[in-house]
Every structure is written in structure tokens, then in C-alpha cells.
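Here's the structure, in C-alpha cells; my notes come after.
The values are calculated or read from the model by the stated rules, or taken from the named source; none is laboratory data. Keep in mind that this is a model prediction, so the values were computed, not measured. All Cβ positions, even for glycine, are placed from backbone atoms using ideal geometry, and neighbour counts span all protein chains on display. With ligands, DNA and RNA removed, areas are computed over all heavy atoms of the protein, side chains included. Shrake-Rupley method; radii C 1.70, N 1.55, O 1.52, S 1.80 Å.
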Amino acid sequence: MRADLAEVTALLHQEAMLLDEQDWDGWLALYDEDAEFWMPAWKSETEPTSDPMRELSMIYYSGRAGLEDRVQRIRSGKSVASTPLRRTSHMVGNVMLLPDDPAHANLVQVKSSFNVHVYDTRAKTQHVFFGRTTHGLSRDEANGALRIGRKKIILVNDCIPTMLDIYCV
């Protein structure tokens, strides 16, 4: 599958803006049904975990249904960790297309860097999360738009002073 850098960058910027605007339906619509959303933990100072089924992950959803469930809990107000909801400002940069990956031949592989400023209105505190992401993007057969099939988040500053959720990365 082919995609150009401008199209890929536009999708990553769109994902960031939808999270900042808390447009959960728009954000979820970017993801394939079987999309994997994964933030591994660090097993050492230099190596993150490599298998979400056997090792610790900070966040792991094996399909969009898990993301939908998390969004439902956020919307319901029943998530104590997300009430009141934090305000965020996502910045995405250093977007690069990667060579084709034979293990995921149907996905365009993209690497980028991010930082997310998070403001907690209740505690009047702010935090910055930063790291790298690798997206695997597919093409929607119905309309030709790019969709997210995989998102792996490497959180560089993993000593977290506050709660961490899907909208913080």
C-alpha cells in the first residue's frame, strides 16, 4: 500500500486535534475495527517490553472495541481518573515514512515524535508527556481514506507524576 508524507502527516495531525477537542467519535472513526493501541512499559533503562500478551504494558487494547469501551467510561463520568477530564494540547513532529514491513505488508509504517501538555483543572497542575509513536496505517476500501491499524507509543518520560490515559499520548 502507498501513501505520501503529506497525507500521513495530515492524519496524525487530525488524530491529535480530535483528542484535544475531545471529539471521541471522530477519533474512534480513525481506527480500524481490529486496531491495536499499545504503550509498552520499560523493562530496563534502554528496552521497552516487546510482547503485550506476556509482559507489562502501560496501556493495551487489542481492538477498537476496547478503545470504545474506554471512551464510554470517560463520557459517563464514572472514571474517577478522568473526572474532570484533563485539557490537552498535542504536538506531533518528525513524521517519517518507514520501509515496508513484511510482517505488516498491508500497512504503511510511520514513525513520529510527540509531546502532550496536560492540564488538570481540579489540581491546577500541568504535566508534559513525550515520546515516539509508530503507526501502521491502512486504506479504507470504501472511501480511500487512511485509517489507523496499529499505534505503538513509546513514552520516554515514564515516571508518571499523575494519571495517564488514552488522550494523554
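Does Met96 satisfy being touching a strand residue (DSSP E or B) at 6+ places or on another chain (Cβ under 8 Å), open to solvent by 70 Å² or more (accessible area, probe 1.4 Å), closer than 15 Å to Thr134 by Cα and not small (Gly, Ala, Ser)? Full working, then the answer.
Working: touching a strand residue (DSSP E or B) at 6+ places or on another chain (Cβ under 8 Å): yes; open to solvent by 70 Å² or more (accessible area, probe 1.4 Å): yes; closer than 15 Å to Thr134 by Cα: yes; not small (Gly, Ala, Ser): yes.
Yes, satisfied.
Cβ-Cβ distance below 8 Å, separation of 6 or more or different chains: which pairs start in the range 105-116 with a residue that is more than 19 Å from Leu5 (Cβ to Cβ) and end on one that is of a type in the set (A, V, I, L, M) and part of a strand (DSSP E or B)?
Hits for this filter: Asn115/Met91; Asn115/Val128; Val116/Met91; Val116/Val128.
Is there any pair with a first residue in the range 62-87 that is farther than 14 Å from Thr162 by Cβ and touching a residue at least 40 places away in the same chain (Cβ under 8 Å) and a second that is among the polar types (S, T, N, Q) and part of a helix (DSSP H, G or I) whose Cβ atoms are under 7 Å apart and which are 6 or more apart or on different chains, and what are they?
These pairs meet every condition: Ile74/Ser82.
Hey, among the residues in the range 135-152 that are closer than 21 Å to Met39 by Cβ and out of contact with any helix residue (DSSP H, G or I) (no Cβ under 9 Å at 6 or more places or on another chain), which one's most open to solvent (accessible area, probe 1.4 Å)? First the steps, then the outcome.
Here is the first cut: in the range 135-152, the residues closer than 21 Å to Met39 by Cβ are 135-138, 147-152.
Right, trim to out of contact with any helix residue (DSSP H, G or I) (no Cβ under 9 Å at 6 or more places or on another chain) and you get 138, 152.
Values: Ser138: 16, Lys152: 59 Å².
Among residues in the range 135-152 that are closer than 21 Å to Met39 by Cβ and out of contact with any helix residue (DSSP H, G or I) (no Cβ under 9 Å at 6 or more places or on another chain), the one most open to solvent (accessible area, probe 1.4 Å) is Lys152.
Go through (1) under 25 Å from Thr83 (Cβ atoms); (2) at pLDDT 95 or above one by one and return the number of the condition Arg150 breaks.
Of the numbered conditions (1) under 25 Å from Thr83 (Cβ atoms); (2) at pLDDT 95 or above, the odd one out for Arg150 is (1).
Can you find a residue in the range 47-66 that is under 27 Å from Cys159 (Cα atoms), surrounded by fewer than 15 Cβ atoms within 10 Å (Cβ to Cβ) and β-branched (Val, Ile, Thr)?
Checked the range 47-66: no residue is under 27 Å from Cys159 (Cα atoms), surrounded by fewer than 15 Cβ atoms within 10 Å (Cβ to Cβ) and β-branched (Val, Ile, Thr).
For the range 1-40, how many residues are farther than 12 Å from Leu146 by Cβ, touching a residue at least 12 places away in the same chain (Cβ under 8 Å) and part of a loop (DSSP other than H, G, I, E, B)?
1
Report yes if some residue within the range 83-95 is modelled with pLDDT of 90 or more and at positive phi; otherwise report no.
Yes, the range 83-95 has at least one match.
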